[in-house]
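Notes follow once the structure below has been shown.
Rule-based calculations on the coordinates, nothing more; no lab input. Because the structure is a prediction, the values reported are computed rather than measured. Methodologically, a virtual Cβ is constructed for each residue, glycine included, from the backbone with ideal geometry; neighbour enumeration extends over all protein chains shown.
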Amino acid sequence: MADIILGIESSCDDTSAAVIRDGWLLSNVIASQQVHKSFGGVVPELASRAHEMNIVPVVSEALSRAGVAAADLTAIAFTRGPGLLGSLLVGTSFAKTMALSLDIPLVMVNHLQGHILAGFVKQEGSENRHPQFPYLCLLVSGGNSQIVRVDSPLEFTILGQTIDDAVGEAFDKCSKMMGLGYPGGPIIDALAKKGDPKRFTFAKPHLEGLDYSFSGVKTSLLYFVRDEMAKDPQFMEKNKEDICASFQKCLIDILMDKLIKAAKQTGIKELTIGGGVSANSGLRERMLQEGAKRGWNVYLPEFKFTTDNAAMIAIAGYYHYLAGERCPLDVAPVSRIADF
Ligand code: KG4
């Protein structure tokens, strides 16, 4: 009999539900919250309220697009964390209630594992390429910057991670500081395409090992813009494409230096990226360039799987389900998870 999993994701500002049958995607519905735009960042209380409004229609739509009745579901997988507690609470409570009412198993998923395994969601009409184990995943989002070694769908080892800001945070905070808007990543990415990445340089961290730091480069940009604006108030407006291109190059250089180091140290040549920043065109291009140069097999996620979505939660939950993992109904969401 087929295993039909409903995935539910509500860790930040996207309410999402997806249905997969034996790993094949049947539906993936995402309701993105626009309410945060004018605040220049996600407002946790508004996010949880919007999840409450969205969760029922989003789950209904996912089931209907999949052509699956609730009674046909084998199990429900939900994001337990990390994320915003109020947001996670909505998805967790909904998943528990639905599993209890249908009398089917509940499976909890670490959101980050979802991003790392997103490439394993099988789709009709797609090549369905995915990395072979073991592989390295550069996990880059608004809350994380990590290099993770993946030995199986259930075995993850963090080789390096940020000691301060996440790279997505650096994109977002710098965009805000330059008055460009939120979320900063896509805005800087678009402006960077028109600019010269070699025009300006910013201070890079000197950190041993495979850990990252992004707070210094952010400060370096802040002081640079402040000093130049003192000389010419139009500096930012006149040079924003070049500033964005140079800043983005600097962030990508930092990410890639450590990833190359990790690949050398482990001897692993299967590489992928995940998380919101994996949508960045410069990073994707650089992954392919380095891959061609170093004999890596590079797997880039489809754009729809770079941001938060429930398909990745459903696939990660499917592997946990197959391994016999079941989650008790008194489980609570967690905003932080120190390790995998
Ligand atoms: O994984 P994600 O959707 O959510 C959380 O971190 O919870 O990642 C969001 C991050 C934001 O910082 C956003 O600016 C960044 O991903 N992002 C990008 C791009 N698209 C989204 N960063 C760089 N370039 C992009 N094209």
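Local charge sum around Ala62 (other residues, Cβ-Cβ under 15 Å, Lys/Arg +1, Asp/Glu -1)? Local charge sum for Ala62: -2. The ratio of the alpha-carbon radius of gyration of the range 113-185 to the globular-protein estimate 2.2 N^0.38 Å is 1.37.
For the range 73-148, take N as its residue count and report Rg(C-alpha) divided by 2.2 N^0.38 Å.
Ratio of Cα Rg to 2.2 N^0.38 Å: 1.32.
Charged neighbours of Leu102, selected by a Cβ distance under 12 Å, balance to -1 (K, R count +1; D, E count -1).
Given in Å, the Rg to one decimal and the Dmax to the nearest whole number for the Cα atoms of the range 266-325 are 14.1, 41. Using only the Cα atoms of the range 18-136, build the gyration tensor, take square roots of its eigenvalues as a ≥ b ≥ c, and label the shape rounded, prolate or oblate: rounded if a/c is under 1.5, else prolate if a/b is larger than b/c, else oblate. Oblate, since a/c reaches 1.5 and b/c is not below a/b.
With a Förster radius of 30 Å applied to the beta-carbon distance between Thr97 and Lys304, the computed FRET efficiency rounds to 0.60. Of the GluC sites (Glu not before Pro) found in the range 138-240, the ones in coil according to DSSP and having at most 16 other Cβ atoms within 10 Å of their Cβ are Glu208. Within the P(r) computed for the range 135-303, what percentage of the Cα pairs occupies the region above 28 Å? Beyond 28 Å sits 21 percent of the P(r) for the range 135-303.
Give me the base-10 log of I(q)/I(0) for the chain at each q in 0.07, 0.12, 0.14 Å⁻¹, Debye formula, one uniform scatterer per Cα, rounded to two decimals. Those come out to -0.29, -0.84, -1.10, one per q.
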